[in-house]
1. How charged is the neighbourhood of residue 328? Take every other residue with its Cβ under 15 Å from the Cβ of residue 328, and add Lys/Arg as +1 and Asp/Glu as -1.
2. How high is the FRET efficiency from residue 509 to residue 107, r the C-beta distance, R0 45 Å, rounded to 0.05?
3. Sorted from fewest to most neighbouring beta carbons within 10 Å, what does the list 32, 496, 241 look like?
4. Tell me, in nm to one decimal, what length is gained between residue 71 and residue 148 on full extension, where the rule is 0.36 nm per residue of separation less the Cα-Cα distance?
5. Report the local net charge at residue 96: Lys and Arg +1, Asp and Glu -1, summed over other residues whose C-beta lies under 14 Å from its C-beta.
6. Give, as a single signed number, the net charge of other residues whose beta carbon lies under 10 Å from the beta carbon of residue 79, with Lys and Arg counted +1 and Asp and Glu -1.
7. Given a Förster distance of 35 Å, report the FRET efficiency between residue 330 and residue 566 from their Cβ-Cβ distance, rounded to the nearest 0.05.
8. Please identify the GluC sites (Glu not before Pro) of the stretch 145-239 that satisfy two criteria: DSSP loop assignment and at most 13 other Cβ atoms within 10 Å. Which are they?
Amino acid sequence: MGRVVARLALRDLRRRRAQAVLLLIVIAATTTTLTLGLLVRDVAGAPWDRTRAATAGPDAVATGDARTLAALAKAPGVAEAARPFPAVSGKLRVRGVTVNAVVHGRDTAPARLDRPRVTEGRWISRGSAVVERAFAEALGVRPGDRIEVAGRSFPVAGIAITSGRVPYPSATPGLVWLTRADTARLPAGGEPRLTMPLRLADPAAAPAFAAAHEDVRSWQDMGSYATAELHLANGTLLGGTWALAILAGMSVALLVGGRLAEQGRRVGLLKVAGATPATVAAVLLAEHLAIAVAAAVLGVLGGWAAAPLLTAPNAGLLDAGTPSPSPATVLIVLAVALGVTAAATAVPALRGARLSTVRALTDPVRGPRRSRWAAVFTGLPLPLPLLLGARIAARRPRRTVLAGLSMTVTVAMVVAALAMHRDVDRKDAGLLGPDFVPGAGNPVTERLSQIVLVMSAALLLLAGVNAVLTAWTAALDNLRTAALTRAVGGTPRQVTTGLAAAQLLPAAAAALGGIPLGLLVYAAARTLGGSGASAGVPALWLAAVLPATLAAVALLTAVPVRYGATRPVTEALGAP
């Protein structure tokens, strides 16, 4: 029996390659996004951990005066305290750009604790400076350039990274290292603050130690800020996967419904040949689950290939390398693909398999309902195309609702993306103070823009496929209705307009409902994230959502709608 089911499923996939490809694209988009989220999650902390290991990172960093730090060095839980070094604020000037900077006065010999790692050039010597790498990239500074710090000129000896401070721009001002002697000669507005790296007996207890002492920061807290863009990418991708999974499930349900409407006679023939309802349902499930497995494989490979674009850390950290999917990641992706496909396929497959053999041979698998809403629309003084479209939508309420929900989810996510883009622009515009390099990018907002682009593309792809599948299913389902309308005097243009209206009515409702839902989703995300007030979305942007949605749906559904309206009347009336 298993061999028979496999042969029938394979033959059906070969005969309907376009539908199989559409389903493959839908599920692969979901699994690719899920794979990206899982891979980013797996490596989110790796750049910070690698940087800590390479720079002898401290477990905690304390700031204060000499007396306070001397007492803290003897506090319970402190295993080692490095020699405190001065931290002085001053203006940095290079190539006509002036920004604030903080200067750490360090020894020329490598330190045992909190030892910056030079990535270009060499470490500081008397009369030279070293610039933190993320700050140097924003300034466009390289070894051999000259910078002016607090009115004094220094050649840049090298570029380095550290885990004793969060990289720029997550921490501002940017960091520059000078020797202790050179730092002492800089003009200071008072007694300089001292910084002391600490090694604790229990590094995991660093947050509790920091909470118990004033002006102490744990390595876990600094790491969360240093890798903020990676954690943001992880949360956004995994959150967006839920929306994609919903759309993918709707796509599968629409595809299965359309396939049953198209091949009702085949179901009857299988039963005549001796197939049980369980066999018929197994054939439909098998072919879709096979596509789901292939889509999961493509999703893992696609996510693996795209992961380096999203997992590269801040320039102030060491790259952790290209992440590889773990067995757990592969199993999760496969389970999601199979689960979404099975859940969406089971109900329509079982419904079609339970039909009597006679009905399956003579009628569609599930005839349209004669709902009271269709009767209500019949009595309205509407133009024929709009009346036809309203009746088509009302006679298949589940399909209409499914298509409307699919479009609502997409519109809501697009509106949320517009609101996010607006806030990103506002935040970037606010990074124009003396602590930020003019014109330099913000890695956190840049990564957010990348994620928004990925999610928007995936959502629009799935919504487009759903629109095509809905229109195609409606065209197949209404071949006889369209032919009868033409037989009694309706023109192909009127029938085409009516079928298009059946797609545009739920799309219009979805656009109107998706706008407030998208704003609500983004407001909830900001509240959960502890963000401040939103910049808001311009009214003109929101006003453009409705016509843009209708135009996109009309364009995507043009081919199936035209097919359903122009098929010869005699052929359509004679179709099983």
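1. On the way: positive: 41; negative: 42.
Residues close to residue 328 contribute a combined charge of 0.
2. Numbers: r = 69 Å, r/R0 = 1.54.
Result of the calculation: an efficiency of 0.05.
3. Working: 32 27, 496 20, 241 23.
Ordered from fewest to most neighbouring Cβ atoms within 10 Å, 32, 496, 241 come out as 496, 241, 32.
4. Working: separation 77, 0.36 × 77 = 27.72 nm, distance 3.59 nm.
Full extension of this stretch gives 24.1 nm more.
5. Numbers: positive: 91, 93, 95, 146; negative: 145, 148.
Every neighbour counted, the sum reads +2.
6. Working: positive: 199; negative: 59, 80, 202.
Around residue 79, the charge tally is -2.
7. Values: r = 46 Å, r/R0 = 1.33.
Calculated value: 0.15.
8. Values: sites: 148, 214, 229; in loops: 214.
For GluC sites (Glu not before Pro) across the stretch 145-239 that sit outside H, G, I, E and B with at most 13 neighbouring Cβ atoms in 10 Å, the list reads 214.
Computed from the coordinates by the stated procedures, all read-outs in this text should not be read as laboratory data. Since this is a predicted model, take the numbers as computed values, not measurements. Note: ideal-geometry Cβ built from the backbone for every residue, glycine included; neighbour counts use all protein chains shown.
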